[in-house]
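**Q** The structure follows.
The values are calculated or read from the model by the stated rules, or taken from the named source; none is laboratory data. Quick caveat, the model's predicted, so the values are computed rather than measured. Methodologically, a virtual Cβ is constructed for each residue, glycine included, from the backbone with ideal geometry; neighbour enumeration extends over all protein chains shown.
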Amino acid sequence: MNLALAVKNARLLAIADAANAGADASNRATLTFYADPMPAGADVALSGQLELAVVDCPYPLEASIENGVMTLAAFEEVMATAEGVATWARLRDVAGTAVADLTVGMEDEQGNPTAAITITQSQLYAGVIVDITEGVIVEA
């Protein structure tokens with residue numbers, strides 16, 4: 001299926017709207033980092049995945065949506081709460097309802113992102129800062 005650019009942007013806006021629903025400057029969506037395995041979908045319940053860190057999302061979540069790409073606004077740093085390799089993250093709205101599961105990774109040797117959420121290090125340890133350097137969701 002090939003979608004028109006306007007439709008791609010509308011789908012990305014729907015993701016942003018779902019994450020921003022009910023949010024404000026003090027009550028925000030969250031992004032929770034986990035070790036593998038990633039569930040088959042955001043509606044699938046977790047089954048023992050290790051929660052590594054939880055960060056409040058910026059409000060609004062999106063910095064821009066254009067050309068089929070949603071660039072997320074800047075995230076604050078957060079402390080990891082457990083040890084493990086972060087490979088994915090679940091985006092939840094203020095009520096805790098899952099919105100999307102996103103891949104997590106580091107930049108490649110050329111400085112290009114390898115996942116939707118880019119962090120400075122994927123091996124996390126309790127008490128270590130999780131620094132999200134970029135968040136980009138691309139409509140295929």
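**Q** For MET38, only one of the following conditions fails: (1) closer than 28 Å to ALA6 by Cβ; (2) touching a strand residue (DSSP E or B) at 6+ places or on another chain (Cβ under 7 Å); (3) hydrophobic (A, V, I, L, M, F, W, C). What is its number?
**A** Unmet for MET38, out of (1) closer than 28 Å to ALA6 by Cβ; (2) touching a strand residue (DSSP E or B) at 6+ places or on another chain (Cβ under 7 Å); (3) hydrophobic (A, V, I, L, M, F, W, C): (1).
**Q** Residues of the range 71-93 being of a type outside the set (Ser, Thr, Tyr) and either buried (at least 18 other Cβ atoms within 10 Å of the Cβ) or on the phi > 0 side of the Ramachandran plot (or both), which ones?
**A** Hits for the range 71-93 are LEU72, PHE75, ALA80, GLY84, ALA86, TRP88, ALA89, ARG90, LEU91, ARG92, ASP93.
**Q** Of all strands (runs of 3 or more DSSP E) completely enclosed by the range 29-121, which ones contain at least 1 residues that are of a type in the set (Lys, Arg)?
**A** 88-92
**Q** Then there is this: Within the range 47-70, can you find the residues that are touching a residue at least 24 places away in the same chain (Cβ under 8 Å) and exposed (fewer than 14 other Cβ atoms within 10 Å of the Cβ)?
**A** Within the range 47-70, GLU66, ASN67 meet the criteria.
**Q** Of a type in the set (A, V, I, L, M, F, W, C), at pLDDT 95 or above and either touching a Lys or Arg at 6+ places or on another chain (Cβ under 6 Å) or more than 27 Å from ALA10 (Cα to Cα) (or both): which single residue out of ALA53, ALA73 fits that description? Full working, then the answer.
**A** Working: ALA73 fails: either touching a Lys or Arg at 6+ places or on another chain (Cβ under 6 Å) or more than 27 Å from ALA10 (Cα to Cα) (or both).
That would be ALA53, the only listed residue that is of a type in the set (A, V, I, L, M, F, W, C), at pLDDT 95 or above and either touching a Lys or Arg at 6+ places or on another chain (Cβ under 6 Å) or more than 27 Å from ALA10 (Cα to Cα) (or both).
**Q** Now for a separate question. Going by the conditions given, is GLU139 touching a helix residue (DSSP H, G or I) at 6+ places or on another chain (Cβ under 6 Å), surrounded by 14 or more Cβ atoms within 10 Å (Cβ to Cβ) and modelled with pLDDT under 95?
**A** yes
**Q** Kindly provide the set of residues from the range 122-140 that are assigned to a loop (DSSP other than H, G, I, E, B) and closer than 20 Å to LEU12 by Cβ, ordered by number.
**A** Within the range 122-140, GLU139, ALA140 meet the criteria.
**Q** Taking interchain pairs and intrachain pairs at least six residues apart, which have beta carbon atoms under 7 angstrom, with the first residue in the range 103-132 and in contact (Cβ under 8 Å) with a residue 60 or more places away in the chain and over 18 Å from THR71 (Cα atoms) and the second assigned to a strand (DSSP E or B) and of a type outside the set (A, V, I, L, M, F, W, C)?
**A** Close Cβ pairs (under 7 Å, with a partner that is assigned to a strand (DSSP E or B) and of a type outside the set (A, V, I, L, M, F, W, C)) amount to LEU124/GLY84.
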